[in-house]
Amino acid sequence: MGKNKLQKFKDIEEFPHVFQMPYSELVSGKVFEQKGKWHAFFSNERPIVLELGCGRGEYTVGLAERFPEKNFIGVDIKGARLWAGAKEAIQKQLTNVAFVRTHIELIPYFFAQNEISEIWLTFPDPQMKKRNKRLTSTRLMQQYEQILVPNGDIHLKTDSAFLYTYTQEMAKLNGLPVINELEDIAPIATSDPVLSIRTYYEQQWMARGITIKYLHFKLKHPVQWEEPDILIPLDEYRSYGREKRSELQLRV
């Protein structure tokens, strides 16, 4: 591990707006100190928005700048990436930003019931062969259901036609109201204050001529979850850090 990465890990341990807790402590029954108390941390009762798999935190910071009337928390397991957003928030003196370093599957340990009003999923790995790892799978929707207010908003921004189609079908099958769906955000992206935010990976996709898709739906409570059983064509291109695809379609 390089010295630069070690320094970043040291930094995030000292940043007052970055939180982490070992898995061993979580499963042993120890309660995360901020669970149910995030409004106290922000010193206000404003809505709290999560960015899951936030990477470098571009959306967390970008949204916080555009919407000072809300609080934003970025969640990612990669500390060295998360450091970038945490550092930028300090430099910009944003008081409505925090970060949590953990696996997304563990978020019910960090947030209480109805504590979150909105969730953003920005360019997650589509996990075409591992349904339960998709950030819009019904398995993870049940995790979100534990912390999101009834009829809370979920936003998906993705380069993956596979994940976009899967999520559309998942929402339709489970009766989740769709507010907006765009197969290509390009015509409105520059004028939209939210969709105009560009992540590191989004810029890479756009440079390759890949269209960016957006889906906004509501997570109503309760839901009797069902997984879609349809064939969806695989993404034809090789994504960064994702294995080569040899099949034409998968049943999901």
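For the range 14-29 and the range 41-97, what is the separation of their C-alpha centers, rounded to whole Å? Distance between centres, Cα-based: 17 Å. Measuring r between the beta carbons of Ser28 and Glu69 and using R0 = 45 Å, the FRET efficiency lands at 0.75. Note on Asn4 and Gln146: the model spin-label points, each 7 Å out from Cα along the C-beta direction, lie 3.7 nm apart. Per-residue surface analysis assigns Lys10 an accessible area of about 110 Å², computed on protein heavy atoms at 1.4 Å probe radius. Averaged per residue, the chain has 49 square angstrom of accessible surface, using a 1.4 angstrom probe with ligands and nucleic acids left out. Computed over the chain, relative contact order equals 17 percent, with contacts defined as Cα pairs under 8 Å that lie 6+ residues apart. Of Ser160, Ser191, the order by accessible heavy-atom surface (1.4 Å probe, DNA, RNA and ligands excluded), from most exposed downward, is Ser191, Ser160. Within the set [x] 0.99; [y] 1.19; [z] 2.36, the number that Cα Rg over 2.2 N^0.38 Å takes when calculated for this structure is listed as [x]. How would the range 1-46 be classified by its alpha-carbon gyration tensor: rounded, prolate or oblate, with rounded meaning a/c under 1.5 and the a/b versus b/c comparison settling the rest? In terms of gyration-tensor shape, oblate.
State the percentage of accessible surface on the range 81-175 attributable to carbon and sulfur atoms; use a 1.4 Å probe and exclude ligands, DNA and RNA. Answer for the range 81-175: carbon and sulfur cover 43 percent of the accessible area. Report summary: the helix-based calculation at 222 nm, which adds -39500 (n - 2.57) for every DSSP H run with n ≥ 4 and divides by the residues of the chain, gives -9000 deg cm²/dmol. Computed from label points 7 Å out along Cα-Cβ, the spacing between Glu226 and Arg198 is 4.2 nm.
The values are calculated or read from the model by the stated rules, or taken from the named source; none is laboratory data. Remember, it's a predicted structure, so these values are computed and weren't measured experimentally. Glycine gets a Cβ as well: all are built from the backbone with ideal geometry, and neighbour counts include every protein chain shown. Just so you know, the surface numbers come from the protein's heavy atoms only, side chains and all, with ligands and any DNA or RNA stripped out. Shrake-Rupley method; radii C 1.70, N 1.55, O 1.52, S 1.80 Å.
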